[in-house]
Structure formats: C-alpha cells, structure tokens
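J.: For reference, the structure I am asking about is given below.
The values are calculated or read from the model by the stated rules, or taken from the named source; none is laboratory data. Predicted model, so just to flag it, every value in this text is computed and none were measured. All Cβ positions, even for glycine, are placed from backbone atoms using ideal geometry, and neighbour counts span all protein chains on display.
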Amino acid sequence: MSKTLIVYGSTTGNTESVSDDIAKILEKNGHSVEIQDAADISVDGLADQFDTVLLGCSTWGEDEIELQDDFIPLFENLEQAALKGKKVAVFGCGDSSYEYFCGAVDVIEEKAGELGAVLLGESLKIDGDPEPEEVSAWTESIMTKM
C-alpha cells in the first residue's frame, strides 16, 4: 500500500479543504494518507516515511509571488525534506485576476524538481472556490502514477 503525505498551507481554508478532498479520494482507493498543516511540521526528513508527497499552498500578492505564511518556512528549507527520488505533486488555490495566478504552485514545483523529486504530472491550480470535480479529476490523474 502506498503511503502519501499531504502538507498544506491555508489561510482561508480552501487549500485545507482541497487537502481533505484529495485524502478522501486516495484513501477510498487504498492509499494510506497523512495530512499535515505546514504550520505544525518539521521539515527535516519530512518525506522519509512516505512514497508520495503532495504539497498544497495558496498564493498571495499582486506585485510578486507570495506563498501562504505557514508554508514559507517549509519552502525555504525544502532541501531538508528528503524529496530526492520521491513522487511529488503540487496543488494550490489562487485568483486568476492576479498577475501571478497560483505562482506559489509553480515555484514549489520547480524547487521540488531541482531537489530531485519525481513530479507526477501537471500541478493543480484552482481559481477561486474549489470544485469537487476538478479536485477529483486531478487526484485520479496523479493516482495512476503513484
């Protein structure tokens, strides 16, 4: 059975809700899932006991890409998370009226790739309120690669 860690940073609750929805779909399909709020975790060896790591972060800021506050320490120390060779996917919520729509997703995905993570496919970028069908379709697509 595949062990998956979902780590999210959420201010309004949307990214947390998406994390819960992803976990339910994975568990329904036989995966063991642990969900952690980025505010409550230690980065050191974060991925050690997991086959797959899903990272969720909302994006803030009009003039530059700003990660959700709780996710910043994780991002800044991501090299300590032991992502090399791990299957990783990234998701996040944002607002397409901003110049850097879901820019946090892009920078997290790029850094994970630079650290040797195996990216599972296209990231999930949610515009506004999460739609269950969108989350479900994305989760099912990455599940085929887990």
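J.: Would you be able to tell me the number of residues in the stretch 68-113 that are crowded, with 24+ Cβ neighbours inside 10 Å, of a type in the set (Phe, Trp, Tyr) and more than 18 Å from Ser141 (Cβ to Cβ)?
T.: Count: 1.
J.: Of all residues in the stretch 89-108, count the ones that are in contact (Cβ under 8 Å) with a residue 40 or more places away in the chain and under 21 Å from Ser17 (Cβ atoms).
T.: The qualifying residues number 10.
J.: Of Ile6, Ile22, which residue is within 14 Å of Ala89 (Cα to Cα), surrounded by 16 or more Cβ atoms within 10 Å (Cβ to Cβ), among the β-branched types (Val, Ile, Thr) and in contact (Cβ under 8 Å) with a residue 60 or more places away in the chain? Break it down into steps so the answer makes sense when it comes.
T.: Numbers: Ile6 fails: in contact (Cβ under 8 Å) with a residue 60 or more places away in the chain.
Criteria check complete, one pass: Ile22.
J.: What number of residues within the stretch 10-30 satisfy the criterion of being under 20 Å from Leu119 (Cα atoms) and either at pLDDT below 95 or of a type in the set (Lys, Arg) (or both)?
T.: Going through the stretch 10-30 one residue at a time, the tally reaches 1.
Rundown of residues vs (1) acidic (Asp, Glu); (2) in contact (Cβ under 8 Å) with a residue 60 or more places away in the chain; (3) under 22 Å from Glu76 (Cα atoms), yes/no style:
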site	(1), (2), (3)
Glu110	yes, no, yes
Leu115	no, no, yes
Gly128	no, no, no
Glu131	yes, no, no
Ser136	no, yes, no
Thr139	no, yes, no
Lys145	no, no, no
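J.: Which of the residues that make up the stretch 25-54 are in contact with a Lys or Arg (Cβ under 8 Å, 6 or more places away or on another chain), over 16 Å from Thr139 (Cα atoms) and surrounded by 15 or more Cβ atoms within 10 Å (Cβ to Cβ)?
T.: Ala47, Phe50 - these are the residues of the stretch 25-54 that are in contact with a Lys or Arg (Cβ under 8 Å, 6 or more places away or on another chain), over 16 Å from Thr139 (Cα atoms) and surrounded by 15 or more Cβ atoms within 10 Å (Cβ to Cβ).
J.: Test each condition in (1) modelled with pLDDT under 95; (2) within 21 Å of Lys145 (Cα to Cα) for Leu83 and report the one that comes out false.
T.: Status for Leu83: all satisfied but (1).
J.: So for the stretch 28-39 (the condition being part of a loop (DSSP other than H, G, I, E, B) and farther than 25 Å from Lys145 by Cβ), does at least one residue qualify?
T.: no
J.: Considering only residues that are modelled with pLDDT of 95 or more, out of contact with any Phe, Trp or Tyr (no Cβ under 6 Å at 6 or more places or on another chain) and aliphatic (A, V, I, L, M), look in the stretch 120-141 and name the one that is farthest from Val90 (Cα to Cα).
T.: Ala137
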